[in-house]
Amino acid sequence: MVPHPAAPTLRVDSHLHLWELAPGQYSWLQPELGVLYDTFTAEQAQSALFGAGVSQAIVVQADDTAADNEAMLAAAQANDWIVGVIGWLPLEEPAKAAAMLEKLREHPKFCGVRTLLHDDPRADVLELATVRETVALLAREGIPFDVPNAFPRHLSQVAQLAHDFPELTVVIDHLGKPTRGDAAAMAAWEKQLRAAAALPNTVAKVSGLHADGADFRAPALHRVWEVALEAFGPQRLMFGGDWPVSLLGANYGETVSVAEALIDSLGPAEAQAIWSGTCFQTYYG
């Protein structure tokens with residue numbers, strides 16, 4: 001059954017992760033990441049979300065493996081509050097990706113694709129012919145494509161990708177991950193984000209805006225929020241908590257409170273678009 005907003009006050013987290021520490025999985029998880037070097041279950045996530053007034057969530061891949069897909073789909077099947085799964089495909093293997101996509105689409109909660117592009121050392125990965133072949137498949141099949149931490153290496157490519165594949169919905173995770181505190185970097189981020197937002201088939205997540213040592217309170221995020229709202233408008237922005245990665249900046253309740261301080265200055269219809277409407281339109285519209 002395709003989920004839909006049931007009430008005007010519905011809050012949906014468009015960006016949640018789950019993982020279990022195990023040999024050979026989540027290789028990026030290392031002890032130096034502190035609080036993140038642990039297992040995070042659906043039960044823990046539900047407690048955090050419900051305690052902060054968020055009732056539904058979309059789970060997003062955190063490992064470029066089929067095993068991560070399987071774990072997310074199993075969690076979604078066991079938990080009604082998980083309304084969507086954004087899985088992984090091997091972008092550089094179009095035939096394999098097509099076969100995997102066919103199987104993923106059998107699950108009613110599968111709703112999008114993402115890979116850990118920001119961990120790829122190649123700046124031109126989105127320009128590779130094989131990757132573009134897989135992206136073309138996503139466009140034909142109507143599958144949204146999330147791009148994580150796009151700035152500074154991939155945000156300009158996002159605009160080109162959206163231009164070249166107008167039927168593809170490109171989701172910019174974490175507003176591209178702006179480098180707050182660096183004026184030159186922020187100017188470059190703003191220019192690139194606005195260029196991407198100029199394409200009507202792009203949307204963005206107000207998520208993952210914590211940064212090492214940076215102020216995570218709403219006033220410190222005002223400029224980032226102002227740029228995003230002006231560039232995309234509320235109909236193309238969605239809330240994401242980025243739990244548990246967000247624990248590097250704040251607990252989940254605090255993350256939601258920061259979002260409230262930004263979003264709730266809008267009118268009811270605009271706020272509701274960001275809390276749930278854009279998310280449902282993007283992944284199930």
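Summary table below
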quantity	calculated
Table column - 3J(HN,Hα) (Hz), the stretch 80-88, Karplus curve with 6.51, -1.76, 1.60, x for Gly and Pro	5, 6, 7, 9, x, 10, 9, x, 9
Selected from 149, 79, 69 as most flexible by GNM, with the chain as the system and alpha-carbon contacts under 10 Å	79
Length-normalised contact order of the stretch 168-237 in % [C-alpha pairs under 8 Å, at least 6 apart]	40 percent
Net lengthening on full extension, residue 133/residue 37 (0.36 nm per residue, minus Cα-Cα)	31.0 nm
Anchor residue 205: lysines whose Cα lies under 24 Å away (excluding residues fewer than 8 positions away in-chain)	109, 177, 191
Residue among 193, 117, 51 farthest towards the positive dipole end of the chain, charges placed on Cβ	193
With all protein chains modelled, accessible area of residue 50 [1.4 Å, Å²]	100 Å²
Tensor-based shape of the chain (alpha-carbon gyration tensor, a/c under 1.5 rounded, otherwise prolate or oblate)	rounded
With all protein chains modelled, accessible area of residue 29 [1.4 Å, Å²]	10 Å²
Chain lengthening between residue 212 and residue 44 when straightened (0.36 nm per residue, less Cα-Cα)	58.1 nm
Solvent-accessible area per residue for the chain (1.4 angstrom probe, square angstrom)	42 Å²
Candidate lysines for bridging to residue 96, where Cα separation is under 18 Å - those fewer than 8 sequence places away on the same chain excluded	none
Dipole magnitude (debye, nearest 20) for the stretch 170-283, charges at Cβ of Lys, Arg, Asp, Glu	280 debye
Percent RCO, i.e. relative contact order, over the stretch 1-110, from Cα pairs under 8 Å lying at least 6 residues apart	26 percent
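The values are calculated or read from the model by the stated rules, or taken from the named source; none is laboratory data. Computed from a predicted model, the values in this text were never measured in an experiment. Don't worry about glycine lacking a Cβ; one is built from the backbone with ideal geometry, like all the others, and counts go over all protein chains shown. The protein model used for the area step is the full one, side chains on, heavy atoms only, and it has no ligands, DNA or RNA in it. Shrake-Rupley method; radii C 1.70, N 1.55, O 1.52, S 1.80 Å.
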